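The values are calculated or read from the model by the stated rules, or taken from the named source; none is laboratory data. This structure is a prediction, so every number in the text was calculated from the model and none was measured. For neighbour counting, all protein chains shown are included, and Cβ atoms are generated from backbone atoms with ideal geometry for every residue, glycine included.
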């Protein structure tokens with residue numbers, strides 16, 4: 001079974017993981033290149049009196065060159081992140097620079113190896129510094145195991161080979177110790193890399209989960225808004241549905257009972273609508289209902305409620321409006337219908353009309369009684385020949 005840290009991610013998340021690891025490696029490499037001169041100066045201070053100046057200057061230039069290039073490149077790539085396709089090539093450059101750095105640090109043993117009884121002491125002090133640098137790199141370069149491996153190998157290989165070449169038992173033992181140290185560092189480094197990788201993978205996975213959750217929440221919000229609209233609107237015309245209109249009537253009835261706020265309702269029925277369906281089909285009939293709704297809407301005030309009451313019946317709830325003003329609005333709607341081709345050119349000789357019943361709420365009556373009165377007014381309008389407004 002795969003380890004948890006190796007759990008698969010989507011290609012996009014894998015790319016993000018690689019970018020994060022590379023960026024972290026750059027940040028640490030830039031910081032290390034800023035701190036490296038301290039170690040360089042320390043070694044120079046140790047060997048200043050025992051080593052020719054040209055050896056010291058040559059080693060300083062060699063050691064500072066790769067650090068300078070690392071500092072410049074890391075700063076540039078941090079400021080202007082590379083496209084994902086260029087990260088592998090940039091990582092290869094980082095590996096090359098780490099090899100050069102490691103070799104230049106390890107070369108200090110060769111450059112500054114002295115003669116006499118104090119030579120071993122100087123070598124061991126420099127070796128201690130090199131071991132410290134390689135040990136620190138185990139965690140510093142955890143974002144890239146191959147980079148860590150090449151740097152540690154490069155910094156230790158020079159003293160390892162040099163000590164073997166000296167042939168003395170002390171140096172051979174030191175070389176063996178360096179080999180053991182390298183193996184230990186790689187084991188610790190591999191664990192550090194695994195832990196770092198697992199943490200970054202979890203970070204990327206959490207970000208991905210959060211994005212997906214935000215997307216799902218957005219979809220749910222949009223769905224909830226759609227459901228809210230559908231819950232109170234007629235699917236065909238987009239007007240308020242009967243359930244919502246009844247709620248508004250109950251509210252206006254309550255407002256009248258509490259504050260005496262006047263309110264009128266207008267019940268509208270399209271004349272001979274059945275003939276439209278029979279003659280032209282239900283598709284045309286649906287278009288007529290939608291066109292009727294769009295025809296009436298511009299005549300309404302903000303705060304008026306216009307809904308489909310059922311079939312070809314529509315209702316207007318007009319708060320703060322008495323029956324006379326409601327009847328005037330109904331007349332304007334009736335007259336506008338005469339100038340509107342709701343049949344959309346299906347038959348020019350047939351102009352649709354509508355009948356209107358108007359009723360203002362009265363003191364002491366129930367909501368049902370109010371609705372019965374407006375329904376009776378509509379029936380009287382039909383009995384009077386249709387295409388008219390009757391006020392109850």
Handout entry: Residues of segment 110-138 satisfying the condition of being surrounded by 14 or more Cβ atoms within 10 Å (Cβ to Cβ) and within 30 Å of residue 196 (Cα to Cα)
Key = 127, 129, 130, 131, 133, 134, 135, 137, 138
Handout entry: Selection count where residues are out of contact with any helix residue (DSSP H, G or I) (no Cβ under 9 Å at 6 or more places or on another chain), more than 19 Å from residue 158 (Cβ to Cβ) and part of a helix (DSSP H, G or I), scope segment 90-120
Key = 1
Fill in the blank from the handout: (1) assigned to a helix (DSSP H, G or I); (2) out of contact with any helix residue (DSSP H, G or I) (no Cβ under 6 Å at 6 or more places or on another chain); (3) at pLDDT below 90 all hold for residue 86 apart from (3)
